[in-house]
Amino acid sequence: MTSFVRRFTTAHNARDLEGILGCFTADVDYRDIFYGEFTGRDGLRVLFERTFRESAHHTWTVTRTLATAEAVVAEWEFDFTISGAVRTGAGRRLAFPGVSWFELRDGRCFRYREFFDRAAALHAQGIAPSTVAAIV
């Protein structure tokens, strides 16, 4: 695992918001499949505050990385238990694999993209198939 990915996942799993934000540039362009697009560290603060509020527990485990000086591709498994803040899925556990693409500048991420089966993850939350279809 690269030092960047280790820093990011360690901060994320510890719910260390400032540690997470320190992994990204001030002008970051971050696209989250669940929550949408965020720009800059202020946008990321909103995203991760929501993520931590809506999860009772989470673990982001990177299983493999491929890195250059400009980018890291990380294959991962995400384990997430929905908190009581989300009425429709409270207490449900989601565990799913995915891939993240981190584009780097001076050791920090300036562009983030992720890829996973969003429909399966939404369905696992207990969302009706017709609603999942409308979302995706």
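Can you find a residue in segment 38-50 that is farther than 14 Å from E103 by Cα and touching a residue at least 40 places away in the same chain (Cβ under 8 Å)? No, because not a single residue in segment 38-50 is farther than 14 Å from E103 by Cα and touching a residue at least 40 places away in the same chain (Cβ under 8 Å). Of all residues in segment 36-50, those satisfying the criterion of being of a type in the set (A, V, I, L, M, F, W, C) and open to solvent by less than 30 Å² (accessible area, probe 1.4 Å) are L44, L47, F48.
State all residues of segment 41-71 that are touching a Phe, Trp or Tyr at 6+ places or on another chain (Cβ under 7 Å) and of a type in the set (F, W, Y); if no residue qualifies, say none. The answer is W60, and nothing else.
Scan segment 11-41 for residues that are under 30 Å from A134 (Cα atoms) and part of a loop (DSSP other than H, G, I, E, B) and the total you get is 3. Selection of segment 78-90 for residues being within 25 Å of E18 (Cβ to Cβ) and open to solvent by 60 Å² or more (accessible area, probe 1.4 Å) yields only A85.
Those residues that are outside any strand (DSSP E or B) and touching an Asp or Glu at 6+ places or on another chain (Cβ under 9 Å), I need them from segment 42-85; list them, please.
Step one: of segment 42-85, the residues outside any strand (DSSP E or B) are 42-54, 68-70, 83-85.
Passing the criteria: G43, L47, T51, E70, S83, A85.
Residues that are among the hydroxyl-bearing types (S, T, Y) and open to solvent by less than 10 Å² (accessible area, probe 1.4 Å) within segment 10-34 comprise just one, Y30. With respect to the conditions (1) under 14 Å from the mean Cα position of the chain (by Cα); (2) within 20 Å of R113 (Cβ to Cβ); (3) assigned to a strand (DSSP E or B), F8 lacks only one, and its number is (3). The condition (being more than 14 Å from T9 (Cα to Cα), under 13 Å from the mean Cα position of the chain (by Cα) and at pLDDT 90 or above) is satisfied by just one residue among E37, E77: E37. For the residues R93, R64, R53, the requirement of being at pLDDT 90 or above, loosely packed, with under 15 Cβ neighbours inside 10 Å and more than 22 Å from V5 (Cα to Cα) singles out R53.
The values are calculated or read from the model by the stated rules, or taken from the named source; none is laboratory data. Please read these numbers as outputs of a predicted model, since none were measured by experiment. Cβ: placed from backbone, ideal geometry, glycine included. Neighbour counts: every protein chain shown. For the accessible areas, the whole protein counts, side chains as well, though only heavy atoms, and no ligand, DNA or RNA atoms are used. Shrake-Rupley method; radii C 1.70, N 1.55, O 1.52, S 1.80 Å.
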